[in-house]
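As structure tokens, the structure follows; a few thoughts come after it.
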Amino acid sequence: MDWEILVTVLCGLAIAVGVAGVVVPILPGSILIIGALLAWAFTVTSAPGWTALGVGGVLALAGLLAGAILTGRKLRQRRIPGRSVTVGLVLGVVGMFVIPVVGLVVGFVVGLLLSEAARLRDFRAAVSSSGEALKALGWGIVVELVLACAAGSAWVLAVWAHFATR
């Protein structure tokens, strides 16, 4: 088997895992995509490889930054402290081990709600605040996912161009 084909298949798998990692926050999605693009470009050392790295890398990095910026801005607007999100993350990790498959999400939501209820001392306000935080996180994930898929698409086009001109 040709070395370039093997690396292409492995990088394709890494990009697919990276796209999934945007939705499942255990994996470093966009970072994994950038790493796979980098590995593929240095392996094939062709114009399509470098183009995929440039275009896909910029798209994945933009998704990573946009998700963080959009989420952070919305959380600041609602005056939701980072402590509440951190408590949600910690309980999400605990939930992962307690409740298989959905424990991460359940633990995060419960942790965020409990932290906000303790901070605001009003359950209705905590539900509203937690809902806004979850919406902000959801929009950040959606933007990052769209740009990660665009980066993956740029790679697919580059793979086609590279092997068609080889």
Placing unit charges on C-beta atoms (Lys and Arg positive, Asp and Glu negative, everything else neutral), compute the dipole magnitude of the chain about its Cα centre in debye, rounded to 20.
820 debye
Residue 76-residue 31 pseudo-label distance in nm [points 7 Å out on the Cα-to-Cβ vector]:
2.3 nm
If you take the charge dipole of the range 49-166 about its Cα centre, with +1 on Lys and Arg Cβ and -1 on Asp and Glu Cβ, which of 139, 152, 55 is farthest toward its positive end?
139
Quick check: at a probe of 1.4 Å, how many percent of the accessible area of the chain sits on carbon and sulfur atoms?
76 percent
Compute the separation of the alpha-carbon centres of the range 13-78 and the range 110-166 and state it in Å as a whole number.
13 Å
Shape category assigned to the range 74-160 from the gyration tensor of Cα positions, a/c cut at 1.5:
oblate
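Per 0.36 nm of contour for each residue apart, how much would the distance between residue 89 and residue 66 grow if the chain were fully extended, relative to their Cα-Cα spacing? Please report the intermediate quantities before stating the final value.
Numbers: separation 23, 0.36 × 23 = 8.28 nm, distance 2.01 nm.
Full-extension gain reported as 6.3 nm.
The values are calculated or read from the model by the stated rules, or taken from the named source; none is laboratory data. Predicted, not measured: the structure shown is a model, and the values here were computed from it. Glycine also receives a Cβ, built like all others from the backbone with ideal geometry; neighbour counts cover every protein chain displayed. We work out accessible area using only protein heavy atoms, side chains counted, and drop any ligands, DNA or RNA first. Shrake-Rupley method; radii C 1.70, N 1.55, O 1.52, S 1.80 Å.
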